[in-house]
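Here the structure comes first, spelled out in structure tokens, and everything after it is commentary.
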Amino acid sequence: MNGPGRKARVVVHLPQQARRGEIIEIRTLAGHDMETGFRRTQFGELIPRDIITRFACSYNGVEVFRAELHPAIAANPLITFSTVASESGTLEFRWSGDNGYAATHSAQISVV
Amino acid sequence: MGRETRAMQDDDATNPAVLWLLDGEALWSRKAGEAAKACADCHGDARSSMKGAAARYPGFYSAKEKIINLDQRVNLCRIERQQAPAFAYESRELLALSAYIGRQSRGMPIDIKADETTKPFLDAGRAAFNRRQGQLNLACSQCHDDNWGKSLAGNPIPQAHPTGYPIYRLEWQGLGSLQRRLRNCFIGVRAEPYAYGAPEFVNLEFYLMWRARGMKLETPAVRP
């Protein structure tokens, strides 16, 4: 399902505008099978691990959130976190994982 | 369905089926087949052209004199209009397109009409719903009409209204069709499920959607 030719799909929700100092919620969803590496086919062969291993978010170049992912996290992981709206600018989201998996997304926020 | 599952379903930021909707939207405007045409080349913007379409499926297909479901309707256009090979049942592409088309009818009442032409198919579906089968010798109706609201091995028994297909099922960790869901109930009573796309299966789907007529579509739904 994550095979070659399939675009890595990610969806990110955050407010477009916030007041300075406000705590904003950011919700991210990444399309991924999260194959644990512990399952076997019906012929007994081990299905190789294929998971997202790392997620990070930076806000105007400064990392504000990072997560390490492990086997047995559900498919299509939803990661929700919050940060403080300090200044207008760009949030960059980056997912990476096994078999060269990489996805990025960026979003603007204006802080008033 | 629990409160948390509903909250997950109703919020586009948390409903994982949104990932399939994006694929469906991309496929909608991608040219394919010998005809080198995209769905959008004939149907335009799905948000208007497909509004209400999913609420009318399964429906009667006069050229073949049978009932077809939405997946089959999509594949007819693949084969006849795009001159491209049909998508396999439960393939990512077919689920994505059906979910994307279904999404355009979200909130609209299911609009299945029974008339003289469709009555034999509806009756066949109803008979299948009420027929005892499998090693457990249980009919669908014994759970879904007679015992809904009670629980079975910790799961509440629903009324079996297929209002949200294709669904994102947490147990599957992915999107699946109504037929895939029904296979689980067949296997649950240790009966042999019909093959994907079999007319018996489509008639049963037709009956279930008719039985749910007037209820609002919630495609793509999230279910445990």
Complete set of residues in region B:187-224 that are assigned to a helix (DSSP H, G or I) and surrounded by 18 or more Cβ atoms within 10 Å (Cβ to Cβ): B:Phe201, B:Val202, B:Asn203, B:Leu204, B:Glu205, B:Phe206, B:Tyr207, B:Leu208, B:Met209, B:Trp210, B:Arg211
Matching option when the condition is buried (at least 16 other Cβ atoms within 10 Å of the Cβ) and over 20 Å from B:Pro109 (Cα atoms), among B:Ala46, B:Ala32: B:Ala32
Total residues in region A:46-67, condition open to solvent by 30 Å² or more (accessible area, probe 1.4 Å), β-branched (Val, Ile, Thr) and within 14 Å of chain B (Cβ to nearest Cβ): 1
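Residues checked against (1) within 18 Å of A:Gly100 (Cβ to Cβ); (2) open to solvent by 60 Å² or more (accessible area, probe 1.4 Å); (3) free of Cβ contacts under 8 Å to residues at least 24 places away in the same chain:
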residue	(1), (2), (3)
A:His32	yes, no, no
A:Phe38	no, yes, no
A:Gly44	no, no, yes
A:Leu69	yes, no, no
All positions within region B:1-28 that are more than 14 Å from chain A (Cβ to nearest Cβ), out of contact with any strand residue (DSSP E or B) (no Cβ under 7 Å at 6 or more places or on another chain) and part of a loop (DSSP other than H, G, I, E, B): B:Gly2
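If you go through region B:193-219, how many residues are touching a residue at least 40 places away in the same chain (Cβ under 8 Å) and farther than 15 Å from B:Ile110 by Cβ?
Applying the first criterion (touching a residue at least 40 places away in the same chain (Cβ under 8 Å)) to region B:193-219 yields B:196-197, B:199-200, B:202-219.
Remaining after also requiring farther than 15 Å from B:Ile110 by Cβ: B:196-197, B:199-200, B:202-204.
Qualifying residue count, region B:193-219: 7.
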Output for region B:104-121, where each listed residue is assigned to a helix (DSSP H, G or I) and in contact with a helix residue (DSSP H, G or I) (Cβ under 6 Å, 6 or more places away or on another chain): B:Phe121
Residues satisfying the stated conditions in region B:122-149, i.e. open to solvent by 30 Å² or more (accessible area, probe 1.4 Å) and in a loop (DSSP other than H, G, I, E, B): B:Arg131, B:Arg132, B:Gly134, B:Gln135, B:Leu136, B:Asn137, B:Asp145, B:Asp146, B:Asn147, B:Trp148, B:Gly149
Residue in region A:46-66 that is without any contact (Cβ under 8 Å) to a residue 40 or more places away in the chain and of a type in the set (D, E, K, R) present: yes
Residue list for region A:9-30, filter: open to solvent by less than 10 Å² (accessible area, probe 1.4 Å) and farther than 11 Å from A:Val84 by Cα: A:Thr28, A:Leu29, A:Ala30
Within region A:69-101, tally of residues that are in a loop (DSSP other than H, G, I, E, B), under 15 Å from the mean Cα position of the chain (by Cα) and away from chain B (no Cβ under 14 Å): 3
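The values are calculated or read from the model by the stated rules, or taken from the named source; none is laboratory data. A quick note: this is a predicted structure, and the numbers were derived from the prediction, not measured. Counting neighbours? That spans all protein chains shown, and the Cβs are built from the backbone with ideal geometry, glycine included. Accessible surface areas use protein heavy atoms only, side chains included; no ligands, DNA or RNA. Shrake-Rupley method; radii C 1.70, N 1.55, O 1.52, S 1.80 Å.
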